[in-house]
1. Given 10 Å bins starting at zero, what is the percent of C-alpha pairs of segment 284-528 in each, up to the one with the largest pair distance?
2. On the Cα set of segment 384-463, report Rg and Dmax in Å, please.
3. With the alpha-carbon atoms as the only input, what is the per residue convex hull volume for segment 419-510 in Å³?
4. Mind sorting 76, 334, 207 by how few other Cβ atoms lie within 10 Å of their own Cβ, fewest first?
5. For a quick check: sort 278, 404 by the number of other beta carbons within 10 angstrom, fewest at the front.
6. Assuming R0 = 30 Å, what is the FRET efficiency of residue 460 and residue 281, from their Cβ-Cβ distance, to the nearest 0.05?
7. Pull out a ≥ b ≥ c, the square roots of the eigenvalues of the alpha-carbon gyration tensor of segment 321-409, then state rounded if a/c is under 1.5, prolate if not and a/b is larger than b/c, and oblate in the remaining case.
8. Full-extension gain between residue 170 and residue 293, please, as 0.36 nm times their residue separation minus the C-alpha to C-alpha distance.
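The numbers here are math on the coordinates, done by the rules we state, and not lab data. Because the structure is a prediction, the values reported are computed rather than measured. Every residue, glycine as well, gets a Cβ built from its backbone with ideal geometry; the counts of neighbours run over all protein chains shown.
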């Protein structure tokens, strides 16, 4: 009896140690997994931020978001499950040791089932790899569809496309459901197979152990011990079956994450960068510049123009003539193999892109506002831009008045895309952001949206102050902006058709005069048409 007490006490102590070790292992492992995946998300985000515009032109935002969120989350679920699985191997080896000491023959018979489980796992892994890859792709398709349609919800509602979009979403969702069902069915079959193996193992113990008890080769307690420890022996196998769905889903996600990390498309940076002066004069030259977004398209064809420091160049032309492409190339958003661009005589491709963008201020039509305060959107978290400097910039471009009228002033929160500001207020905020950065060169893709007369006047005054003392390149839509430019360049089909002052080009009577007359006619119609009112 004392020996029984000792054995029971040792068993209790052993199981307590196993439980504590398992708990410590799970906590430590999960903490390590969380930190590793945090670093992975950070690396993914940093990697994506360094991709050029051509990458984002080609890869849908929904696909990118799936990589950073859903796929990383699937990887976390897998690693957490594997952590639990690894934790079960401590009691597995404890059980195996005790079972071998009790009956080597019965233990070896049970272990014969392990290769069967391994073979089945390999078979299911091969069968499920493609299924789970399709599941992740269908989730990516759902995210992409949602992102596109939620971003363009106003267009969807204005064009009454709700029914068509609902039908399209139903189709994509049904495809996702079919793929999920295939994965669930496969996992269910695998789980049932494992349960069958466990039942076979229990039958072997009862049959062999019962015979051994009758022949006095084993005690009844030994048989009961085997049934108890068989669960510990097969728990890792059962858990593996339960984790199969998560495991293979995560394997597909892991492939996609590493594919994302392998996206190596980027702007070529100079191996021996040029040294820039503390302050550029602002001379910009395009020399023989040709460019196409693909091999089959030619957007710019041998464009050459020189803009002297402090001068204003207005670029005009029909839609698709290459106006926006010129300013994207100047901002080093794309590489250009044919032709050259110079800043103060320095080849643009010899200047690191980050330095180019610090010297160039860009105001695009689709000016982006981030969630955060107005001050955050002016400074963009640049430590060199103080609050006082941001306020001074806002005052200079006529944005201070509307900002101060808000309840929280410069600390007023802005929603996504600045939807709680008017078009004119967003434009003034864009001017303040650029002026606070104090670039030597200004690029402005002038907004075409209609705004009220008072705001229009504020914008024009703010624009004049913003351009003062800076080399300015304007994709101009307003007649006043064009007339105030030092020179006008007319683009058509990627070629420079005309170049000169506003008055000279009007007198020339070519393409510029035609575009000018068309715009003037539209402006006259807008002013005289009955029932029209400013926005």
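1. So the P(r) values, bin by bin, are 7, 30, 34, 22, 7, 0.
2. For segment 384-463, the Cα-based Rg and Dmax read 12.4, 35 Å.
3. Taking the convex hull of the Cα positions in segment 419-510, it is 129 Å³ per residue.
4. 207, 334, 76
5. With the fewest neighbours first, 278, 404 line up as 278, 404.
6. Approximately 0.70, to the nearest 0.05.
7. prolate
8. Result: 40.9 nm gained on full extension.
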